[in-house]
Structure formats: C-alpha cells, structure tokens
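Single-structure report; data block below.
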Amino acid sequence: MTSKLFHLLEEDEEMPTMTINAIPELQLEDITLTSRLVVGTGKYPDYETMQAALEASGCSAVTVAVRRERLVDSQGRSILDFIDCDKYTILPNTAGCFSAQDAVRVARLGRDILEQLDNAGSSWVKLEVLGDKTTLLPDPVGTLEACRELVSDGFSVMCYTSDDPIMATRIRDAGATCVMPAGSPIGTGRGIANPCAIQLCIDLLKKPEHGGDPSYPVIVDAGVGTPSDVTVAMELGADGVLLNTGIAHAQDPVTMAKAMRLACDAGYYGFRSGRIPRKLHATASSPWDGTIAGE
Amino acid sequence: MITVNGEQIQKNTILLTDLLLQMNLSDQLCAVEVNKKLIPFRERDAYQLLEGDDVEIVSLVGGG
C-alpha cells in the first residue's frame with residue numbers, strides 16, 4: 001500500500017499546472033481601473049488612516065466631495081496632501097445635492113479643481129441627486145435630468161441610482177458611462193438588500209438577450225457593510241463595487257480595506273467560475289459505493 | 001457688500017484674485033463660483049467682483 005501511495009503522489013506532481021487568469025483592469029472610457037474597488041475618502045478618523053486604508057484596498061480611483069469653507073483641516077492640512085494624484089484617479093461626487101441644477105453646479109466646480117491638478121478624473125463625475133436626507137435615496141427625475149445635462153457638457157458620468165432595473169436602463173440611455181445601483185441606502189451597511197433587483201439591473205444592462213452590452217460597466221455603490229457584501233455584488237456579475245463607510249467606520253479601517261479587496265477578488269472569480277445550481281434535495285459529496293456503514 | 005461663502009464682507013468691489021490673496025487662498029486648490037456661475041481658474045485674474053455679488057469658494061474634502 002505504501003508504494004502505491006507514493007506512486008499516486010508522484011502522478012499528482014506530474015499533472016499540468018492549472019492557470020488562473022489575473023483579474024483584468026476595468027476600462028471606463030479613458031480611465032483604467034486596476035482594481036474593481038472604488039473607495040471613498042470620507043469619514044476616516046484622520047488622513048493618515050485614510051491614506052493607509054486606500055493603500056490596503058488596492059484601489060486606483062477614489063471619490064471626493066466638493067465643499068465650501070473646509071479648505072483645510074484643523075491642522076491646516078488639505079486632503080490632497082494625502083492623496084497621491086499620480087497614483088489615484090480622483091472622482092468628484094455631487095453628494096449633498098437635492099436638485100439637478102445644484103448637481104450640475106457642483107460637478108463643474110469639481111472639474112475646475114481637477115483641471116488644475118491635471119488629474120485623469122477631471123472630466124468625470126460621480127453623480128448623486130438625492131431625494132431626501134432621511135433615506136439619501138436618489139431622486140430619479142433629478143438624476144436623469146442632471147445626467148443628460150452633464151453628458152451634453154462633456155462629462156463622463158458615473159451615475160448613482162436605486163436598484164430599479166428600468167431606471168438603470170434610462171440612465172444608460174441618457175448617456176451615463178456607468179450605472180451604479182445602490183446595494184442599500186448610503187451608509188446603512190445593510191449590504192445587497194435586494195439581490196434580485198441588482199441581478200435584473202445587470203441583466204438588462206449587460207446581457208445581449210435583454211438588450212444589454214457585456215462591456216457596459218455596472219458598479220454597485222452604497223450600503224456595503226462587510227466583505228461578504230462586496231463578494232455578493234461581484235458574484236451577481238457587477239464589474240466593481242464602490243464603498244466608503246464600510247471601510248472608514250470599521251474599528252480597524254486598514255484591515256477592513258484589505259478584507260474588502262480580497263472579497264472583491266473572490267466575488268470576481270466566483271462569478272466567472274459558474275456556481276452550482278441551487279437544489280432542494282441533498283446530494284452526497286462522498287461515494288455511496290464501498291461504504292461499510294449499515295451493512 | 002459682497003457675500004463670500006455665506007458671509008458678508010465689507011467690500012464693494014475687488015478683483016477675485018485679490019480676494020483669494022486676502023483670504024490666504026491664492027495657493028490653495030479651489031474653485032470659485034460667482035452668482036452661481038463658475039469662474040474658470042484661468043479667468044480669475046481679470047475677474048472683478050462687484051457690489052452684491054455672491055461668491056462661493058470650494059475645494060475638495062473627503063467623500064464617498
């Protein structure tokens with residue numbers, strides 16, 4: 001028996017190595033995302049923690065907000081002192097806007113700042129037009145209006161929306177570069193509240209049999225609380241995930257950023273590996289033949 | 001009076017670039033809007049603020 005066991009081991013060693021392809025970059029028009037995670041820069045306890053978390057997340061694009069007055073922190077430091085503009089694409093958002101008009105104003109202000117930096121994100125905007133302060137859910141009418149105007153003004157629009165599949169197609173049709181359905185409301189950490197809705201968004205936007213285009217980017221945005229939430233989004237077929245609070249408000253933001261990165265990779269590979277179908281009845285993993293139990 | 005980021009200042013007229021200098025913002029990365037209209041950074045030097053103008057000066061902060 002011993003010699004046969006060794007023989008089997010030798011056979012295993014001679015088996016060809018299976019190769020697993022590296023996760024490809026995500027191309028969004030002129031921006032190349034080397035990571036499928038896009039990470040926000042808000043809510044960190046301090047800039048140093050933010051900087052370390054961004055590094056641990058492996059992201060290549062970060063979101064920022066446009067605000068008055070808080071031009072520097074209490075120590076006279078700007079957030080831009082802690083973001084390597086040669087390394088990260090900076091995506092300004094329109095967070096806090098409750099009308100299409102304000103969102104367009106803020107987008108143009110953000111563009112003006114990034115043009116001074118000569119950053120790749122200068123023609124980009126992460127569009128949010130919110131409906132109210134309690135839910136922070138998007139206002140679909142205002143979102144669509146702002147999206148159309150920004151696209152006509154030359155912006156590449158990454159558009160935050162609810163998980164409504166029909167709305168997702170309307171935003172695509174309005175010219176958005178990328179649709180970003182919410183997993184759950186901003187900052188709630190409730191994860192992918194309605195996986196079926198996200199799946200329908202992805203089907204309509206990406207599957208040719210449903211009028212979609214496989215290359216059209218869908219990035220799940222908002223509500224992510226745990227690494228497994230990121231994995232679920234990616235397993236549904238999303239091209240990426242955008243998150244902020246799930247990392248920034250974790251007890252250990254830097255380690256959580258690393259966990260989110262690994263979870264994103266896991267979901268990417270999981271989706272493309274072809275999961276088994278769900279079944280009602282059990283099927284044994286070990287063979288019935290040869291069992292000595294119950295003889 | 002000119003309003004800057006919601007606060008009135010005792011000026012009737014001033015060059016935008018001088019206002020930024022007085023606020024120690026000339027070296028800061030920021031964008032400026034006057035009466036809800038963007039003043040591109042390349043046009044700031046020649047832009048004259050007038051009585052009643054409402055100025056917004058913004059920059060980038062952390063956000064999601």
Next item on the list: Sort out for me the Cα centre separation of the stretch A:226-295 from the stretch A:117-149, rounded to whole Å.
Entry: 31
Next item on the list: Once you've got the GNM for chain A with C-alpha springs shorter than 10 Å, pick whichever of A:Lys126, A:Lys87, A:Lys206 has the biggest mean-square fluctuation.
Entry: A:Lys87
Next item on the list: Could you list the residues of the stretch B:1-37 with an amide nitrogen less than 15 Å from a label point located 7 Å from the Cα of B:Glu43 in the Cα-to-C-beta direction?
Entry: B:16-17, B:31-37
Note to self: Could you check the spin-label model distance between A:His249 and A:Thr135? Points 7 Å from the Cα along Cα→Cβ, value in nm.
What the structure shows: 1.9
Note to self: With every atom except the alpha carbons ignored, what do you get for Rg and Dmax of the stretch A:228-268, in angstroms?
What the structure shows: 9.8, 29
Next item on the list: Tell me the label-point distance for the pair A:Asp289, B:Asn24, using the 7 Å Cα-to-Cβ offset, in nm and rounded to one decimal.
Entry: 8.3
Next item on the list: May I ask you to list the chymotrypsin sites (Phe, Trp or Tyr not before Pro) in the stretch A:234-295 that are in a DSSP loop and have at most 10 other Cβ atoms within 10 Å of their Cβ?
Entry: A:Trp288
Check: What's the angle, to the nearest 10 degrees (0 to 90), between helix A:47-57's Cα axis and the longest principal axis of chain A?
Finding: 40
Next item on the list: Return the FRET efficiency for the residue pair A:Ala52, B:Thr17: r is the Cβ-Cβ distance, R0 is 35 Å, and the value is rounded to the nearest 0.05.
Entry: 0.40
Next item on the list: Let me know the Kirkwood hydrodynamic radius for chain B, please, with Cα pairs as the basis and the value in Å to one decimal.
Entry: 12.0
Margin query: Can you classify the protein assembly as shown as rounded, prolate or oblate using the Cα gyration tensor, where a ≥ b ≥ c are the square roots of its eigenvalues, rounded means a/c under 1.5, and otherwise it's prolate if a/b beats b/c and oblate if not?
Written below: prolate
Item checked: Zone of B:Glu51's modelled label, taken as backbone nitrogen in the stretch B:1-27 under 20 Å from a point 7 Å along Cα→Cβ -> B:1-4, B:7-16, B:19
Notebook entry, point to check: Quick one: accessible area per residue over the protein assembly as shown, 1.4 Å probe, rounded to a whole number of Å²?
Noted result: 51
Margin query: Compute the angle between helix A:100-117 and the longest alpha-carbon principal axis of chain A, please, reported from 0 to 90 degrees and rounded to the nearest 10.
Written below: 80
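The values are calculated or read from the model by the stated rules, or taken from the named source; none is laboratory data. Note that the coordinates shown come from a computational prediction; the quantities given were computed from them, not determined experimentally. Every residue, glycine as well, gets a Cβ built from its backbone with ideal geometry; the counts of neighbours run over all protein chains shown. These area figures cover heavy atoms from the full protein model, side chains too; ligands, DNA and RNA do not enter into them. Shrake-Rupley method; radii C 1.70, N 1.55, O 1.52, S 1.80 Å.
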